[in-house]
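Chemist: Sending over a structure as structure tokens; questions will come in a sec.
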Amino acid sequence: MTNATPERRRGRRLPAAEELRIWRDFIETTEGLRSQLASRLQAESSLSPGDYSVLLALSEAQDRQMRSSELAAHIGWERSRLSHHLGRMERRGLIRRQECATVPRGAEVLLTPSGAEAFRRSTVPHLRAIRELFVDALTPEQLLAAGEIAAALRSHLDTHHEE
């Protein structure tokens with residue numbers, strides 16, 4: 001009989017105290033950064049981060065439109081969440097939805113001129129906030145390291161998602 005805990009017997013270790021401290025610092029800092037960026041975006045452009053994500057994806061899409069299922073996958077949202085959000089954006093005139101000509105029961109999401117203008121007006125202040133709150137806080141080396149860390153985490157999550 002072994003003295004190993006069930007977690008160790010299954011080959012999984014729990015994080016050590018220092019690892020948990022780093023994790024917590026990471027989470028609290030990224031949440032604080034997201035919160036400040038969201039507040040600034042809302043105050044400066046009346047757009048939420050979700051609005052901005054949708055408008056960004058549509059502004060980069062061919063013909064400034066995407067199928068709703070493709071848009072949901074692109075921004076990493078569940079389709080039901082996106083559907084509710086698109087309803088709010090449509091009422092504000094930022095996007096328009098129409099039936100997809102090629103896919104039965106499919107919907108196309110189109111960027112309206114009003115949505116394109118809202119996105120255009122929000123971009124410079126939003127990028128300025130990113131520079132001020134994120135980029136300027138780091139040395140060039142730290143910024144590169146942050147990119148490497150993000151890529152490593154994304155790759156690790158993608159691998160776990162596939163399993």
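Values quoted throughout were computed directly from the atomic coordinates according to the rules given, and no laboratory measurement underlies them. The shown structure was predicted, so the numbers you read here are calculated from the model rather than taken from an experiment. Glycine gets a Cβ as well: all are built from the backbone with ideal geometry, and neighbour counts include every protein chain shown.
Chemist: Suppose we keep just the DSSP beta bridges with both residues in the chain; what percent of those would be antiparallel, to 5?
Modeler: The antiparallel fraction comes to roughly 100 percent.
Chemist: Separate question: Can you tell me which of 71, 144, 82 moves the most in a GNM of the chain? Springs connect C-alpha atoms under 10 Å apart.
Modeler: 144
Chemist: For residue 39 and residue 116, what is the calculated FRET efficiency with R₀ set at 30 Å and r taken between the beta-carbons, to the nearest 0.05?
Modeler: Here the calculated transfer efficiency is 0.80.
Chemist: What number, in nm² with one decimal, is the all-direction average of the projected area of the convex hull of the alpha-carbon atoms of segment 48-133?
Modeler: The number I arrive at for segment 48-133 is 5.8 nm².
Chemist: Please give the residues of segment 122-142, grouped as numeric ranges, whose backbone N is less than 20 Å from a label point set 7 Å along the Cα-to-Cβ vector of residue 29.
Modeler: 129-142
Chemist: Ranked from highest to lowest mean number of other Cβ atoms within 10 Å per residue, what is the order of the peptides 149-158, 120-129?
Modeler: Peptide ranking by packing, descending: 120-129, 149-158.
Chemist: Further, regarding this structure: Where Rh denotes the Kirkwood radius from the mean inverse Cα pair distance, what is Rg over Rh for the chain?
Modeler: 1.09
Chemist: With +1 on each Lys and Arg Cβ and -1 on each Asp and Glu Cβ, and nothing else charged, work out how big the dipole of the chain is about its Cα centre, in Debye to the nearest 20.
Modeler: 500
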